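What follows is a single structure, written as C-alpha cells, with notes after it.
No lab work stands behind these numbers, since they all come straight from the coordinates. Treat the numbers as computed from the prediction; the structure is a model and nothing was measured. Please note: Cβ atoms are built from the backbone with ideal geometry, for glycine as well, and neighbour counts cover all protein chains shown.
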Amino acid sequence: MTKKCSTAAFLVLLLLAGGCATHFTNLTPQHQERNANNLYPVEVALDSRQQTLRWQTIQPQIVVGTEFYPMRLTQLMSNRWEGLVPIPASSNLVHYRYKFDYDYNAMGNPKSDSSLSPEYTLRILDRAEQK
C-alpha cells in the first residue's frame, strides 16, 4: 500500500512540474554593430504553462556576470521585455542571461519564484570586421 501511495505522489509531482514549464525565446541578434554609447539592446519573450503565474508581478533582469540590468515590457506586447546591456569599447563579446522574478498563486498567500534562462552570447562587430 505504501509503495502505491508513494508512486502516485511521485506521478502527481511529475505532472505538476511538467505543467510549470517556462520557455525563453531570445529575440536578440547574435551580432550587433558597435555604437558610440556602448549600450546594446536585448529582447526576450517568455512563455509559461504555469497557470498560477501572476503575470503582473514579473520583474525581468539581464544578468551579465554578477551585474543585473533592468528590463521593461515591450510596447503593445504582454510577454516580451527589452533592456540595454553596457559593453565596454575594449570588449567585443558578452555572455548574458535573463532572470525573471515573479509571484504565483498558492494555497493561502502568493509565493515568489524565479526562472533563469540559458546563457546567450552577443558579439559586437567593429565596422572593419563587417567588410
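Taking a Cβ cut-off of under 15 Å around H95, the surrounding Lys, Arg, Asp and Glu residues balance to a net charge of +1, with basic ones at +1 and acidic ones at -1.
Stretching D113 away from A45 to a fully extended chain increases their span by 22.7 nm, per 0.36 nm per residue minus the current alpha-carbon distance.
Taking only the Cα atoms of the stretch 89-130, the radius of gyration and Dmax are 18.3, 59 Å.
How much net charge surrounds G83 when only the other residues with a Cβ under 9 Å from the Cβ of G83 are counted, with Lys and Arg +1 and Asp and Glu -1?
Local charge sum for G83: -1.
Summarising the label geometry, the points placed 7 Å from Cα in the beta-carbon direction at L93 and R54 lie 4.1 nm from one another. Note on Q30 and T121: their simple-model spin labels are 0.8 nm apart, each label 7 Å out from Cα toward Cβ.
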